[in-house]
Amino acid sequence: MSRSFNMFVRITGVEPERAEAVQEAADDEWSFGNDWYEMNGVLTSCGDGQLGGGESDDVFADRLAKAIWDANGSFCRVVVRSTYLDDLPCEAFSLEQSDYDRLMVPS
């Protein structure tokens, strides 16, 4: 059974000449979709996907970090934030005419 997650990754300390290889390695492990951002030497990306075969998010984080470290050729800091999407808390708001009247009154 697969489970849906959003994975956010923040990578600090990448060898500058290996940044592209690090991004490609991470993209091979998760569907980040080549939407990478770099600011002051920090790479970040996020994407939605599925973990299957009983893999947990902490095991995925280890797998992702290993791929990143292999591509970097040395240690760099890897932070993975996982959000389980199949059972998120949510709020629902149904705004009625009375809300319109209340909110649209000129100040």
So which residues in the range 79-107 are exposed (fewer than 10 other Cβ atoms within 10 Å of the Cβ) and of a type in the set (A, V, I, L, M)?
88, 92, 95, 103, 104, 105
Does the range 49-107 hold any residues that are in contact with a Gly (Cβ under 9 Å, 6 or more places away or on another chain) and either touching a residue at least 60 places away in the same chain (Cβ under 8 Å) or farther than 29 Å from residue 4 by Cβ (or both), and which are they?
74, 75, 76, 77
Kindly list the number of the only condition in (1) closer than 17 Å to residue 4 by Cα; (2) exposed (fewer than 15 other Cβ atoms within 10 Å of the Cβ) that fails for residue 29.
(2)
Residues located in the range 60-107, provided they are modelled with pLDDT of 95 or more and either more than 15 Å from the chain's Cα centre (by Cα) or assigned to a loop (DSSP other than H, G, I, E, B) (or both):
66, 67, 69, 70, 71, 72, 73, 74, 75, 76, 77
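Only one of 57, 35 is surrounded by 14 or more Cβ atoms within 10 Å (Cβ to Cβ) and in contact with a Ser or Thr (Cβ under 7 Å, 6 or more places away or on another chain). Can you tell me which?
Numbers: 35 fails: surrounded by 14 or more Cβ atoms within 10 Å (Cβ to Cβ).
Only one candidate qualifies: 57.
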Go through the range 1-47 and give me each residue that's in a strand (DSSP E or B) and free of Cβ contacts under 8 Å to residues at least 12 places away in the same chain.
37, 39
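Could you go through the range 48-58 and let me know if any residue there is in a helix (DSSP H, G or I) and touching a Leu at 6+ places or on another chain (Cβ under 9 Å). Walk me through how you get there before you give the answer.
Start the filter on the range 48-58 by keeping residues that are in a helix (DSSP H, G or I), which leaves 57-58.
Going one step further and asking which of them are touching a Leu at 6+ places or on another chain (Cβ under 9 Å), we end up with 57.
Yes; the residues of the range 48-58 include at least one that is in a helix (DSSP H, G or I) and touching a Leu at 6+ places or on another chain (Cβ under 9 Å).
The values are calculated or read from the model by the stated rules, or taken from the named source; none is laboratory data. What you see is a predicted model; the values in this text were computed from it and never measured. Cβ: placed from backbone, ideal geometry, glycine included. Neighbour counts: every protein chain shown.
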